[in-house]
Amino acid sequence: MGDVVSDLAPEWRAWLAENLVLGVEPETLERTLLQAGIAPEHARSGVASVLQHPAVEQGRRRAEGHGRLRALLDARGALHRQSGWHQRLERRRGVSPRELMERYYLAHRPVILEDFMDGWPVLERWRPEALAQRFGDVEVEVMADRESRADHDLEPDACRTVMRFGEFIRRLLEGGPSNDLYLTARNFALERQELRALLEDVRYPPGVLRQTDLVGAVKLWVGPEGTRTALHHDLGTVLFGQLHGRKRFRLIPSFQTHHLYSHRSVWSQVDADAPDLERFPAYREADVLEAVVGPGEMLLIPAGWWHQVLSLDVSVSVTFQEFDVPGGNTWWRLR
């Protein structure tokens, strides 16, 4: 068995093991190996050998033990398709706080709210030029040189740098499309004493959002056109507000997590903009919703719903995670 396994590169063996444990049919994996140029005898024997590896056998037995849960999730997915929600993302105007919470937050369903932020000062006072004028001399932490690190979403500390807010905004406005420079929630800008005045521009509709001093309850995101966040999910429901520019979202239901090759906690290995279906065949079963969120619009992202985000313009966004409900936001507790 050892000689046969050595005919496949380690990354192919790891790929085979992962997909076999996920329940992908061996024949499907063998076809992918053949398409990659691997000799038929090596493809066939390689699949058989990895399939017989004790760790893979144990993993498949454990996966079979989770079969009822997976079947339940698949049934939920089938109902989702029958309802038609897999093909549309509602856009609403005039939604009351009660309807928002009952029809979407509690129902675990995303929605775009086109007018929920009407009249909020943030729509003007958080524009890039306004931020630079008000707080240009304030030093902020940002993520830089992201393009040089493929793992920048997973290992962000190496990308942290400090610059003046005005210089940061200038680079966004003049530098063109880039994924290299981004002020994210990890930079905790709104926790800086010099920027706390920004929170005076935020509104907290009763019955939807609760004003609080909890760290991370309100988060600021500022980046250039081309800023990209890989496919991931949050552990609690997020109300995402787009203040300037546009962002494109690809959304996938939480109950399809078993199709998304999740690794490293909340991150997927799949690029939802260009999924490699040979490498990630189970992703074929995912139902992907696409939506562009523009200035003044909000997107409710239920806890656990996967999303990949691309900035189509220089963008300023705000997110909320402290909801005005008994017990606060419901969190997905990872073990």
Exercise for review: Could you estimate the translational diffusion coefficient of the range 61-211 from the Stokes-Einstein equation, with Rh from the Kirkwood formula over C-alpha pairs, at 37 °C and 0.692 mPa s, in whole µm²/s?
Suggested key: 168
Check your understanding: In square angstrom, what is the accessible area per residue of the range 1-82 with a 1.4 angstrom probe?
Key -> 62
Check your understanding: Using +1 on the beta carbon of Lys and Arg, -1 on that of Asp and Glu, and nothing else charged, what's the dipole of the chain about the Cα centre, debye to 20?
Key -> 940
**Study point:** Dimensions (Å) - the range 117-159, Cα atoms, principal axes, largest first
**Key:** 39, 27, 14
Review point. How large is the helix-only mean residue ellipticity at 222 nm for the chain, computed as the sum of -39500 (n - 2.57) over DSSP H runs with n ≥ 4, divided by its residue count, in deg cm²/dmol to the nearest 500?
Key: -8000 deg cm²/dmol
Exercise for review: Bin width 10 Å, alpha-carbon pairs only: give the P(r) of the range 25-91 as whole percents, running from 0 to the bin holding the largest distance.
Suggested key: 18, 26, 26, 23, 7, 0
Check your understanding: How many nm separate the modelled label positions at Arg68 and Ala36, each set 7 Å beyond the Cα in the direction of the Cβ?
Key -> 3.6
**Study point:** Percent accessible area from carbon and sulfur atoms, the range 227-335, protein chains only, probe 1.4 Å
**Key:** 48
**Study point:** nm² value of the averaged projected area, convex hull over the Cα atoms of the range 1-127
**Key:** 13.3
Review point. What percentage of the solvent-accessible surface of the range 137-203, computed with a 1.4 Å probe over protein heavy atoms, is contributed by carbon and sulfur atoms?
Key: 42
Review point. Any idea what angle helix 26-35 forms with the longest principal axis of the chain, computed on alpha-carbon atoms, 0 to 90 degrees, nearest 10?
Key: 80
Check your understanding: Once the chain is represented by equal point scatterers at the alpha-carbon sites, with solvent omitted, what log10 I(q)/I(0) does the Debye formula produce at q = 0.07, 0.09 Å⁻¹?
Key -> -0.35, -0.56
**Study point:** Efficiency of FRET from Cβ geometry, Leu277 and Leu154, R₀ 22 Å, rounded to 0.05
**Key:** 0.45
Review point. Helix 54-65 versus the longest principal axis of the chain: what is the Cα-based angle in degrees, 0 to 90, to the nearest 10?
Key: 60
Check your understanding: To the nearest 10 degrees, how steeply does helix 165-175 sit against the main Cα axis of the chain, on a 0 to 90 scale?
Key -> 60
Revision key, fill the gap. Over the Cα atoms of the range 201-335 the radius of gyration and the largest Cα-Cα distance (Dmax), both in Å, equal 15.4, 48
Check your understanding: In percent, how large is the relative contact order of the chain, given Cα pairs closer than 8 Å and 6 or more residues apart?
Key -> 21
Exercise for review: Indicate, rounded to the nearest 5 percent, the antiparallel portion of the DSSP beta bridges found entirely in the chain.
Suggested key: 95
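The values are calculated or read from the model by the stated rules, or taken from the named source; none is laboratory data. This structure is a prediction, so every number in the text was calculated from the model and none was measured. Note: ideal-geometry Cβ built from the backbone for every residue, glycine included; neighbour counts use all protein chains shown. Calculation scope for accessible area: heavy atoms of the full protein, side chains included, ligands and nucleic acids excluded. Shrake-Rupley method; radii C 1.70, N 1.55, O 1.52, S 1.80 Å.
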